[in-house]
């Protein structure tokens, strides 16, 4: 076997090893991602099972614990329905006239 | 973009007062479509549960009629979530105050959907439920009940929970404890899916399969068919001797 042939075989072997490393890295990363998703789904099934509700971008339940309750409406606006706001369905059913 | 809504409620076979309250609104706005669909299941002594549920529904109804149009000009789901949270907490304080002043205990669940174009937010406290019906039925809310907490902690099985005398005990609702943590979630509306919100009285004695069979989005597509099917299911529930008030509302978006 000539020196040139040995070099070609070595280069091919090296390329094979590099391709394998890249391929298995990609597979491992995908598996890791899938495992993480599965784990999260077990923890929060109502959030992560698409396409019903996507994961909340706002951790609402955490800010619920920290912010104060304003007992007055934040903004006072005239209680007039706007002309560009057209109610198509308007069903309000309550069973008392009493107010708090 | 088209929204379809329907609502049905019934006093049931044994209660003297219907303590459930409902709000179903659908509007065309400058920014597109908007809807509010919610149920409050009132509870309490001296027949005041209906007052708690009515108060919450009226508050959301007024917000939809008078404030939403302004908020839509600079709409942010994060702000909307915060606003709903503040409203629920404020109502909680008000109802607790009323109960203390009048020596009664009253409370209500509050579960609903706010939709703007093809996005939505759900808010939930108590044991009313939201289901999504598409190719299958899926419960979107988690009951705030003692038995559900025990199941999650691994202290009880679903079968034990069904027989447990504390199965209706709530871990949180509006008007009972000072600190509430409603669940608020955001998402995209699935076009052509039916969303059902119901009080516990609606779903105690019927299975999820029966609900899906009756309200599947392939069968129920119009407001009138929604109403008719909801009434049909309510009559089934009554024939099975459910003791509670029975309420359900539906929402569907197509785009």
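The values are calculated or read from the model by the stated rules, or taken from the named source; none is laboratory data. Owing to the predicted nature of the structure, the values given are computational and were not obtained by experimental measurement. Every residue, glycine as well, gets a Cβ built from its backbone with ideal geometry; the counts of neighbours run over all protein chains shown.
Can you give me the ranges of the helices (runs of 4 or more DSSP H) entirely in chain A with at least 2 residues that are touching a helix residue (DSSP H, G or I) at 6+ places or on another chain (Cβ under 8 Å) and either at pLDDT 50 or above or surrounded by 12 or more Cβ atoms within 10 Å (Cβ to Cβ) (or both)? Don't jump to the end; show me each part of the working.
Values: elements: A:3-43, A:45-48, A:60-66.
In chain A, A:3-43, A:60-66 are the helices (runs of 4 or more DSSP H) which contain 2 or more residues that are touching a helix residue (DSSP H, G or I) at 6+ places or on another chain (Cβ under 8 Å) and either at pLDDT 50 or above or surrounded by 12 or more Cβ atoms within 10 Å (Cβ to Cβ) (or both).
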ask   = Just checking, which of B:125, B:137 is under 30 Å from residue B:98 (Cβ atoms) and at pLDDT 95 or above?
value = B:125
note = Residue set B:249, B:205, B:176; condition over 18 Å from residue B:3 (Cα atoms), touching a strand residue (DSSP E or B) at 6+ places or on another chain (Cβ under 6 Å) and touching a residue at least 24 places away in the same chain (Cβ under 8 Å); output residue B:176
query = For segment B:28-57, which residues satisfy the criterion of being at the interface with chain A (Cβ under 7 Å from one of its Cβ atoms), crowded, with 24+ Cβ neighbours inside 10 Å and in contact with a helix residue (DSSP H, G or I) (Cβ under 9 Å, 6 or more places away or on another chain)?
reply = B:51, B:55
key: Tally of residues being within 9 Å of chain A (Cβ to nearest Cβ) and in contact with a strand residue (DSSP E or B) (Cβ under 7 Å, 6 or more places away or on another chain) across segment B:10-27   = 10
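May I ask you to list the residues in segment B:100-117 that are assigned to a loop (DSSP other than H, G, I, E, B) and either on the phi > 0 side of the Ramachandran plot or at pLDDT 95 or above (or both)? Even if it seems obvious, please write down each step before you answer.
Within segment B:100-117, the subset assigned to a loop (DSSP other than H, G, I, E, B) is B:103-105, B:109, B:117.
Once the filter is applied, which keeps residues that are assigned to a loop (DSSP other than H, G, I, E, B) and either on the phi > 0 side of the Ramachandran plot or at pLDDT 95 or above (or both), segment B:100-117 yields B:103, B:109, B:117.
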task = Give the residue, chosen from B:60, B:64, that is in contact with a strand residue (DSSP E or B) (Cβ under 7 Å, 6 or more places away or on another chain), under 27 Å from residue B:9 (Cβ atoms) and within 9 Å of chain A (Cβ to nearest Cβ).
result = B:64
task = With the condition kept exactly as written, say whether any residue in segment B:139-151 is part of a strand (DSSP E or B), surrounded by fewer than 20 Cβ atoms within 10 Å (Cβ to Cβ), under 15 Å from the mean Cα position of the chain (by Cα) and within 13 Å of another protein chain (Cβ to nearest Cβ).
result = yes
